[in-house]
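Reviewing the structure listed below.
The values are calculated or read from the model by the stated rules, or taken from the named source; none is laboratory data. Given the structure is predicted, the values throughout are model-derived calculations rather than measurements. Methodologically, a virtual Cβ is constructed for each residue, glycine included, from the backbone with ideal geometry; neighbour enumeration extends over all protein chains shown.
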Amino acid sequence: MRPPKVVAGAALTAALALVALPGLAGSRTPSSARAIEAASFHEVTISANRDEAPRIATLDPSLRSDGYLGVTATLIEPGLSVEEPAKPEVRQPVTGASSVLRPAKQVLTGGATFYDNGTTAMRLPRGTRVVICGDGGCIERVVNDYGPQKPSRIVDLYRPDFFAICGCPWHAGNTQVTVYVY
């Protein structure tokens, strides 16, 4: 059997908690809705000439969206033929008479895609030097990620690298490449 002082103290603590907590937690009844005083508002006068329409400042270019249509933008009707942009130019390194390329240890041919991870992903050990060639040219990279997951692809490239070797329009998602493993 518990001492009566302990039971009384526990009951008193519970009663105080029930009374004090709702007030502390903000469970008071909401105040009645009041009208907003007219003095809270200020009159604003905008003067405009009939000859000159009011102008709105243009947005800062950094705030524009990627699909912003400028004054010089041209819209193309669906179904009409669109002129493909020229293939990107890929600069090849200048080689002297004394430079000799070693033969590749392995040559792979297959699909390549891009992703925005900033890496070159292949199912090869990290640090492997590869030369990836496509219709637009060749680039030399070092494998620094593992992938791709789909067996139909042999390499996942960083988006700028993909379009440097692809030679395809911006909306393409994959291309065929030849990879020389060194």
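Would you pick out the residues in segment 116-130 that are surrounded by fewer than 16 Cβ atoms within 10 Å (Cβ to Cβ) and either assigned to a strand (DSSP E or B) or polar (S, T, N, Q) (or both)?
Answer for segment 116-130, where residues must be surrounded by fewer than 16 Cβ atoms within 10 Å (Cβ to Cβ) and either assigned to a strand (DSSP E or B) or polar (S, T, N, Q) (or both): 117, 129.
Looking at segment 160-181 only, could you name the residues that are surrounded by 14 or more Cβ atoms within 10 Å (Cβ to Cβ) and either modelled with pLDDT under 90 or part of a helix (DSSP H, G or I) (or both)?
161, 162, 163, 164, 165, 166, 167, 168, 174
Can you tell me which residues in segment 64-76 are at pLDDT below 70 and surrounded by 10 or more Cβ atoms within 10 Å (Cβ to Cβ)?
Correct list: 64 only.
Yes or no, residue by residue, for (1) assigned to a strand (DSSP E or B); (2) modelled with pLDDT under 75; (3) surrounded by fewer than 10 Cβ atoms within 10 Å (Cβ to Cβ):
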| residue | (1), (2), (3) |
| --- | --- |
| 62 | no, yes, yes |
| 78 | no, yes, yes |
| 92 | no, yes, yes |
| 104 | no, no, no |
| 107 | yes, no, no |
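Look at segment 123-147 and say how many of its residues are hydroxyl-bearing (Ser, Thr, Tyr) and over 26 Å from the mean Cα position of the chain (by Cα).
1
Any idea which residue in segment 133-159 is surrounded by the fewest Cβ atoms within 10 Å (Cβ to Cβ), counting only those that are part of a strand (DSSP E or B), out of contact with any Phe, Trp or Tyr (no Cβ under 8 Å at 6 or more places or on another chain) and of a type in the set (A, V, I, L, M)? Don't jump to the end; show me each part of the working.
The initial filter retains those residues of segment 133-159 that are part of a strand (DSSP E or B), namely 133-134, 137-142, 145-146, 153-158.
Then drop every residue that is not out of contact with any Phe, Trp or Tyr (no Cβ under 8 Å at 6 or more places or on another chain), which leaves 134, 137-142, 145-146, 153-155.
Applying the additional criterion that residues be of a type in the set (A, V, I, L, M) yields 139, 142, 154-155.
Values: 139: 20, 142: 11, 154: 23, 155: 26.
This residue is 142.
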